[in-house]
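A short write-up of the structure that comes next.
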Amino acid sequence: MGVVVLGIFIILVVFIVIAVLSGIRIVRPTHRGLVERLGKYNRYALPGIHLTIPFGIERIYRVDIRETLVDATPQTIITNDNLNARVDAQVYLKVKDDEESVKASQYNVANYQVQIVQLARTTLRNIIGTLSLKSANSERGRINEELRRTLRTETANWGIEILRTELKEIDPPADVQDTMNKVVKAENEKIAAVDFATATETQADGARRASIKQAEGVKQAKILAAEGEAEAIRVVNEAADRYFVGNAQVLRKLETVEKAFWQNAKIVLPADGDLVNVIGDLAGIAPLPQKQAAPQQER
């Protein structure tokens, strides 16, 4: 009888140990847990070890609270200018880590990741359908912001946070893309031609200004030379009036001699020796007496 009781006790202990071990649940720091008892929400499980009632009486559901990337998958959207654009977008989101948000992500929506994709695709069609293809490509920031704002409004009771949205591509059909590339190339060539013409015009204007400056310099040099020459003439005239009054012819002869000396040329003195006398007078030297020619002998 004692052996039977001991066996039952051992079995009971093993059963309890197995039950306790099977009821241990661990929640990682990247997750939060929702514990349900007999299908009804019971408590919120933070990261760590938790004991639950085994055999299906209590169940724990772990919810990932890390940032998640959801691809909205490519789709073709007709733009306002009747062009088919291939649009692809990504949504970055996370479940908020408070109890009410974690509960909402599991009880208010069946599968928030699947439904956010469909909601993003529908919102993109509504936004881009009102824009031309060119506007859609140039206003990506506004489209991203409007998409994010709409998703936040529509998922307010899902317990998730829309962190950001990104348009991956807005691609037109191949033939339209080729045409756009040609237009862009033509615009670039036009800008390059205008820049080249402007540079050439600037260079020509610079050369013209340099020529004008050079001509002005030559003109100024000639003016200064003429003024110098006029000043020299004025000084000579004053000297002539002072030292050669009544002797203009002698002054002319003296100027001729001066030029001849300056140019290292030979000069012919007049027979009467007046110029020699003038030079001598100017130098302070008395003129030499002239020799009389000897009378010719009669043959």
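Worth a mention:
- Applying the Karplus relation 6.51 cos²θ - 1.76 cosθ + 1.60 with θ = phi - 60° to segment 83-98 yields 3J(HN,Hα) values of 10, 8, 10, 8, 10, 9, 9, 10, 10, 9, 8, 7, 7, 5, 8, 7 Hz, where x marks Gly and Pro.
- Here the spin labels are modelled as points 7 Å beyond Cα on the Cα-Cβ line, and at ILE53 and GLU146 they lie 5.4 nm apart.
- Amide H contacts under 5 Å for ALA72, placed H, 5+ residues apart: ALA89, GLN90, VAL91
- Separation in nanometres of the label points that stand 7 Å from Cα toward Cβ, at THR130 and ASP195: 3.8
- Placing dummy labels 7 Å off each Cα toward the beta-carbon, the span from GLU67 to LEU83 is 3.3 nm.
- The dipole here belongs to segment 27-115: it is taken about the Cα centre, uses +1 on the Cβ of Lys and Arg and -1 on the Cβ of Asp and Glu, and is about 440 debye.
All of the numbers you see were taken from the coordinates with simple rules; none came from a lab. Note that the structure is predicted; figures quoted are calculated from it, not measured. Backbone-built Cβ (ideal geometry, glycine too); neighbour counts: all protein chains shown.
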